[in-house]
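Below you'll find the structure, written out as structure tokens, and then a few comments.
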Amino acid sequence: MASGKLNSLSVERAHRFGGKVLLSDGDGLYFRKQTREGAAWMFRYRFAGRERWMTLGNFPDMSLAAARIEAREKRLMLDKRRDPLFAKQEIEEAQRAAIAAQKARQTFRELAEDWYSTEIDQRLRHPEVPRRHLDKYLLPAFAERVPAEITAADAARLLAQVRKSAPTAANDLLRFMRRVFRFGVRRHALTSNPVADFDQSDAGGPERARKRALTVEELGQLFKALRESPSFGGANLLAVKLLLALGVRKGELLGAQWSELDLDGAAPTWRLPARRTKSGEALTIPLVPPVASWLKSLREVAGGSAFVLPKRRRDPRQRVLHLGIDTLNAALAAVEHGLEHFTLHDLRRTMRTHLASLGVRSEVAERCLGHKLRGVEGTYNTHDYLNERRAALETWTALLLDIENGAQKVTPIRRKAAR
């Protein structure tokens, strides 16, 4: 094969030091540089009486030797009276058709997992929320379906089914469903979003702020029912007591790791990292003696797990290694406590309500919940109220213990003492 007029050194020099240039290697192969950084190999030929230029590849991604091989293949096409540009278009169309066919065979599971890994995992502070909706609702309903074949009627039936028991979850499900299908449209897995025109009326309906908080009497009834339930279990009971005593969010407790807790110091604390709080700020939570004792009991049965509440059985649908929200929800739902319906999140509101009844100052109670102070006070008051929160939690926990033991003797904190 002829070596041509160019060599690797001359091409490298033209690319690195020269301005715009067009260098011929012979037999229709050219090195063309039009910008400071951009250079390409071009093939010049005539077909059907017309002169044509075809890009073979960019330099330095394509070497001189590789460019000569490509140019030779195009000359062989010309010998067979085939237009190289037309052949290239045929190959590109075939590739696009193959990609389209592959996407047409893609399952909803593959699309949903692609969406989760691309837009959710490692990007959201709490990716477990959409993960839970995928595993609990969307994948069981549509996993092996072709996305383009899922209709608005299919989506409406799923939302109606979820709405019967969990209206708020139905609204969240619609939000995640809309995002998955929108992602699918961008990836050409389907031509339109089947839930694009849905709103809350098609899911769980308008949401109203919940006001459910358990009274002292209801807490006593709940504790009695949980203790007497043969299926609820001691670890579940401690989890409920911790949610009440600390006022933390479900996800914060269920994801707690032993490395975050100091149980053996003079003043036990839980240092909740910023990445796991809703506010995005780290929070130091004082652990009063009874709470520290409950956590030590859990440590004894954790079996060396890094989590305070480890997952109890292998579930391929769950991607976390700690106890899932659904597990605790299901255990609580199985208890015949006879109370008006409440959720685990209502325990947080219960704690805040009783802190107020105990005379705890509003700013201290809000910081007990991990809330930021509002308005000007939140801007200028950076005090963490750690000592005040410890005192408030001691009084609240003492009330919880009295309620559990059937002896409600705790009196409200005096306003003067709470200052």
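The values are calculated or read from the model by the stated rules, or taken from the named source; none is laboratory data. What you see is a predicted model; the values in this text were computed from it and never measured. We place every Cβ from the backbone using ideal geometry, glycine too, and count neighbours over all the protein chains shown.
Key figures for this structure:
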| quantity | calculated |
| --- | --- |
| Selection count where residues are among the basic types (K, R) and buried (at least 18 other Cβ atoms within 10 Å of the Cβ), scope the range 251-278 | 1 |
| Within the range 162-178, considering residues that are out of contact with any helix residue (DSSP H, G or I) (no Cβ under 8 Å at 6 or more places or on another chain) and part of a helix (DSSP H, G or I), the one nearest to L111 (Cα to Cα) | R178 |
| Filter pass, V308 being buried (at least 20 other Cβ atoms within 10 Å of the Cβ) and assigned by TED's automatic domain parsing to the domain that holds R390 | yes |
| Residue ID - modelled with the highest pLDDT, chosen from residues in the range 365-419 that are under 19 Å from E281 (Cβ atoms) and among the aromatic types (F, W, Y) | Y385 |
| Members of the range 194-246 found to be among the aromatic types (F, W, Y) and over 30 Å from F183 (Cα atoms), listed by number | F223, F232 |
| One residue from A225, A245, A239, A235 being touching a Ser or Thr at 6+ places or on another chain (Cβ under 6 Å), assigned by TED's automatic domain parsing to the domain that holds A302 and not polar (S, T, N, Q) | A245 |
| Subset tally (residues that are at pLDDT 70 or above, part of a helix (DSSP H, G or I) and crowded, with 16+ Cβ neighbours inside 10 Å) for the range 86-108 | 1 |
| Residue match in the range 139-149 (condition: over 16 Å from T107 (Cα atoms) and buried (at least 16 other Cβ atoms within 10 Å of the Cβ)) | no |
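Residue by residue, here is whether (1) assigned to a loop (DSSP other than H, G, I, E, B); (2) in contact (Cβ under 8 Å) with a residue 40 or more places away in the chain holds:
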| residue | (1), (2) |
| --- | --- |
| E119 | no, yes |
| H126 | yes, yes |
| R131 | no, yes |
| A160 | no, no |
